[in-house]
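The values are calculated or read from the model by the stated rules, or taken from the named source; none is laboratory data. All figures in this text were calculated on a predicted structure; none of them were measured in a lab. Cβ atoms come from the backbone with ideal geometry, glycine included; neighbour counts cover every protein chain shown.
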Amino acid sequence: MAWNRITPGMKLRVLCWWLAAVAFAGCGLVRWTQFFVAKPPAFQNPDAALDALALQHFGLEHGAATLRHELAAFPPDAPLLVFGPGKDWTLTEAHFLISYLAWPRPVWCVGIVPPGERAAFDHPPPPGFKATGLFFYKIGPLPGLPARRLSERLALGSAPP
Amino acid sequence: VNVLFLLLAEVSTIAAGFGLAVLLKPDRAVSRLEFAGVALLLGSGAISILLFVLGCFLPGAALVPSMALISLALGFWGAARARGARSAVLPGSRYFLLALLALLFVVGWQAGNHPLTADGLFNFEIRAQLAALHGGQVPRSFFADPSRTWMHPGYPLFLPMNQAWIYLCLGGPHQGLVQLLSVHFVTAAACLLYSGVARITGESWRAAFAVGLLVLLPSAMIQPGGATSLWADFPLALLFLAALIYLVEFATTGLSLAWLASFLALLPWVKREGLVLAAVLTAVALWVAWKRGNVTRLLLALLPLVVLTLGWKAFLLGVHVNAEHDFVPVSLEALGKNLDRGPFLLVALGHELLSWERWSLLWVLAAAAVIEIARQPALARWRLLAPIIAALLLIYTGIYFFSAWASLPLHVVTSLPRLLLPVAMPALLAIAVAVPRVTVKAPDEGASPPDLSLKQE
């Protein structure tokens, strides 16, 4: 049956459906264009994801290799601790990234907050925990602690004996 | 050289899946597209389970050749058995293949430009990395490490084992190349959706429309959890879609129970919430089987689901997995204590469903589609979609009554959008089958869709 032989009510129904479908497609295309990156894909980097995150959060170029090199100085069972701003959600990813690369070393995270407040983004160690290595993300190292900067946002120190 | 090893990983996955697809094939003609979709998906399931099991007993240099031999042997056996079998013809499949190639090019390109992030990296890929560096097995200590409970050690291994298989074939982890796994899952999704809708409705334009909906649904393709992000949410949604398609066929004809049961079994192996999806589909399948009088057959077919679910639970117990505390135990007491969360959860659900950035107009169209399906007797076979959507929306919103997070809004915002991705699959199917034709069939034309399963090439 052709378009001109269907009832006006049915025509309206079909029209509404297809207009909504076109709107659906329009929204989808807008989101695709926002997502689209018009450069060659980065298939060649074995550490593509880790490097991207290290650059984003720590400002470290080739961050996976740099951090692996730094972490190799610690024994495989050395407990590590990450300090950072406890209200900053990026502390989570900073902690996760160090933990990913530090395997099998246990890595805990302490969020620094003003007195009386509770950190929203940390994973504190159990009581009695003693760290071997300390990472400082977006905060300065503890006063008097031997530490060195790996980048503007990340410093590494050894816990006092 | 990397490309060759990548091909070995993909070919062995497809071969294993093809063998299983032939073994479990329904008693009807199957189109090549449908075989492709089923083989890709079953192959991923087979490779992940095989690697998990063999990795426990055969770690080291013998693992990759053994896996490859088993997979290729399954493929050759399947090819020999399928020789001379009837093959169904799907209308418009050549045009679909051309469009699919273009789509896969874009998906591969963009996946390569968007490295793994968040859950994709820290909950899934890390397991693959560890497995590849430890002879194919995720170290037992990973599951019991108290400093890494945020990595959700209880998450199952469907996606990580597929990634680990690629790493093992390549000779080491490679976060750049593993992104191409997105292409594998998108191919499976497009083939299954096109073949399923075209076969059941008999209309190729509806099948193309369904695939178009999937491709243009931001949550399914480009949002966190979508195909290009390579988190487990897209494979979970894809398995749910496959199970739905074969549930509709089982409800209508009694066929494809083995494929339905296979996809149901794999759901909890992808993500823990897959158990919820499997439970809802199982309830519907039981109702259907009871009406058809073959409950015993269905119960037997559910054995793989039970074995895989209990097997994974037993493994987690054996490795002393560290419990995660995202939710408090479900109880009436906990529900009563948190009832005041109800209004917030309803508003959050409404806000999420109307978020055009993630869902475009999917849920508005789905509501209209459900009404169309209820009104039109010709669409009666699709009426089981509405209760499935409703049940899942209810469960996935209600689960937050038991959230143990300090910040409920943060828990909802970070997880609800991805929980809804599998629920979008029945919504998408409903829209595709309910959208009216621009030209209406005469009564004698539109009585029933042609049975494509009987046509032969």
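Here is a yes/no grid of residues against (1) within 14 Å of chain A (Cβ to nearest Cβ); (2) within 19 Å of B:ALA220 (Cβ to Cβ); (3) surrounded by fewer than 19 Cβ atoms within 10 Å (Cβ to Cβ):
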position: B:ALA369; (1), (2), (3): yes, yes, no
position: B:ILE389; (1), (2), (3): no, yes, no
position: B:LEU392; (1), (2), (3): no, yes, no
position: B:GLY398; (1), (2), (3): no, no, yes
- Can you tell me how many residues in region B:141-180 are within 12 Å of chain A (Cβ to nearest Cβ) and within 19 Å of the chain's Cα centre (by Cα)? 4
- Total residues in region A:50-59, condition without any contact (Cβ under 8 Å) to a residue 40 or more places away in the chain, more than 7 Å from every other protein chain (Cβ to nearest Cβ) and crowded, with 17+ Cβ neighbours inside 10 Å: 1
- Task: Check region B:73-82 and report whether any residue there is within 11 Å of chain A (Cβ to nearest Cβ), under 26 Å from the mean Cα position of the chain (by Cα) and surrounded by 15 or more Cβ atoms within 10 Å (Cβ to Cβ).
- Result: no
- Can you name the residue in region A:106-148 that is charged (D, E, K, R) and surrounded by fewer than 20 Cβ atoms within 10 Å (Cβ to Cβ) and, of all such residues, is nearest to the other protein chains (Cβ to nearest Cβ)? A:ARG118
- Message: Restricting to region B:83-106, name every residue that is surrounded by fewer than 18 Cβ atoms within 10 Å (Cβ to Cβ) and aromatic (Phe, Trp, Tyr).
- Response: B:TYR95, B:PHE105
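If you check B:ALA243, B:ALA198, B:ALA208, B:ALA220, which single one turns out to be free of Cβ contacts under 8 Å to residues at least 40 places away in the same chain and either more than 10 Å from chain A (Cβ to nearest Cβ) or under 13 Å from the mean Cα position of the chain (by Cα) (or both)? Explain how you work it out, then say what you get.
Details: B:ALA198 fails: free of Cβ contacts under 8 Å to residues at least 40 places away in the same chain; B:ALA208 fails: free of Cβ contacts under 8 Å to residues at least 40 places away in the same chain; B:ALA220 fails: free of Cβ contacts under 8 Å to residues at least 40 places away in the same chain.
Every option except B:ALA243 fails the conditions.
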- Looking at (1) polar (S, T, N, Q); (2) closer than 26 Å to B:ASN123 by Cβ; (3) without any contact (Cβ under 8 Å) to a residue 24 or more places away in the chain, find the lone condition where B:SER262 falls short. (3)
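I'd like to check something: does region A:144-151 contain any residue that is in contact with a helix residue (DSSP H, G or I) (Cβ under 9 Å, 6 or more places away or on another chain) and either among the hydrophobic types (A, V, I, L, M, F, W, C) or at pLDDT 95 or above (or both)? Please lay out each step first, then the result.
Filtering region A:144-151 down to residues in contact with a helix residue (DSSP H, G or I) (Cβ under 9 Å, 6 or more places away or on another chain) leaves A:150-151.
Add one more test, that the residue is either among the hydrophobic types (A, V, I, L, M, F, W, C) or at pLDDT 95 or above (or both), and what stays is A:150.
Yes, region A:144-151 has at least one match.
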- Task: Please determine, by comparing only the residues of region B:181-190 that are out of contact with any Ser or Thr (no Cβ under 6 Å at 6 or more places or on another chain) and among the small types (Gly, Ala, Ser), which one is farthest from the other protein chains (Cβ to nearest Cβ).
- Result: B:ALA188
- Note on the structure: Counting only residues that are at the interface with chain B (Cβ under 7 Å from one of its Cβ atoms) and not in a helix (DSSP H, G or I), region A:1-49 contains a total of 13
- Task: Please work out which residue is farthest from the chain's Cα centre (by Cα), limiting yourself to region B:1-58 and to residues that are polar (S, T, N, Q) and either assigned to a loop (DSSP other than H, G, I, E, B) or more than 15 Å from B:ALA242 (Cα to Cα) (or both).
- Result: B:ASN2
- Message: Suppose we filter region B:266-317 for residues that are free of Cβ contacts under 8 Å to residues at least 60 places away in the same chain and outside any helix (DSSP H, G or I); how many remain?
- Response: 3
- Give the residues of region B:107-137 that are more than 11 Å from chain A (Cβ to nearest Cβ), surrounded by 24 or more Cβ atoms within 10 Å (Cβ to Cβ) and in a loop (DSSP other than H, G, I, E, B), sorted by residue number. B:GLY136
- Task: Find all pairs meeting these conditions: Cβ atoms under 7 angstrom apart; at least six residues apart or on different chains; first residue within region B:77-88 and within 13 Å of B:VAL30 (Cβ to Cβ); second residue loosely packed, with under 13 Cβ neighbours inside 10 Å.
- Result: B:ARG86/B:GLN456; B:SER87/B:GLN456; B:SER87/B:GLU457
- State which residue pairs qualify: first residue in contact (Cβ under 8 Å) with a residue 60 or more places away in the chain and under 23 Å from B:TRP150 (Cβ atoms) and inside region B:104-121, second residue buried (at least 22 other Cβ atoms within 10 Å of the Cβ) and of a type in the set (Phe, Trp, Tyr) in any location, beta carbons under 7 Å apart, and separation of 6 or more residues or different chains. B:ASP119/B:TRP231; B:GLY120/B:TRP231
- Would region B:151-160 turn up any residue that is among the aromatic types (Phe, Trp, Tyr), in contact with a Lys or Arg (Cβ under 8 Å, 6 or more places away or on another chain) and assigned to a loop (DSSP other than H, G, I, E, B)? yes
